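Data first, discussion second: the structure below is written as structure tokens.
The values are calculated or read from the model by the stated rules, or taken from the named source; none is laboratory data. It should be emphasised that the depicted structure is a prediction, and the values quoted were computed from it without experimental measurement. Ligands, DNA and RNA are excluded from the accessible area calculation, which covers all protein heavy atoms including side chains. Shrake-Rupley method; radii C 1.70, N 1.55, O 1.52, S 1.80 Å.
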Amino acid sequence: MKLALKQAQVSYKNDEVPIGAVVVRGGKVIARAHNTRNRSKNAVEHAELTAISRACKKTGDWRLVGCDLYVTLEPCVMCLGACFNARISNVYFGAYDVSGNGCVQLCESIGRTLNHELFVHGGVLQQQCSDLLTQYFKSKRANI
């Protein structure tokens, strides 16, 4: 999660919502990414999707069996769907999405409709992940 936080700090420096993601297989990082939605003007440039895409390219397969995703914020429904589709084994996230758009509540119902089981673990380095997001949004409100 510390590596995902470093990616989130890159987003922060680029005036993006500070979210970072890392894909790990066998204890080794195979992909990392940060949020670039504003810069790219692309709604799907979430850190999770970019990290998953890079991991697929690196492994040469769309199936990321045995891979875990570490992300600083609870994934949205779109990113959760990509985790299921890519056959990610575990998702570890830091901060809970207080807006209610996160994945924890949906994970069980979605998993019952698919042939893949995804395990979601929240609150990893929660305070550090939450603090970075809070700091970012406070700075944005101060500049209004």
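Numerical summary
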read-out	value
Heavy-atom accessible area ranking, 1.4 Å probe, most first, across V65, V44	V65, V44
Solvent-accessible surface ranking, highest first, for V77, V22, V17 at 1.4 angstrom	V77, V17, V22
With DNA, RNA and ligands ignored, accessible area of D131 (1.4 Å probe; Å², nearest 10)	80
Placed amide H near I88: partners under 5 Å, 5+ positions off or other chain	L64
Entries of K13/K58; K28/K57; K2/K28; K28/K58 with Cα pairs more than 21 Å apart	K13/K58
222 nm mean residue ellipticity, helices alone, for the chain (DSSP H n ≥ 4; -39,500 (n - 2.57); rounded to 500)	-13500 deg cm²/dmol
For mean projected area of the Cα convex hull in nm², calculated from these coordinates, the label among [x] 8.3; [y] 12.7; [z] 8.8	[x]
Residues with amide H under 5 Å from that of T72, placed H, sequence gap 5 or more	G20, G94
For V120, residues with placed amide H under 5 Å, excluding near neighbours	V91
Heavy atoms of C83 accessible to a 1.4 Å probe, total area in Å² rounded to 10	0
Helix 2-13 axis, angle to the chain major axis (alpha carbon atoms, nearest 10°)	40
Solvent accessible area, Å² - K28, 1.4 Å probe, full protein context	140
M1, M78, reordered so the largest accessible area comes first (probe 1.4 Å)	M78, M1
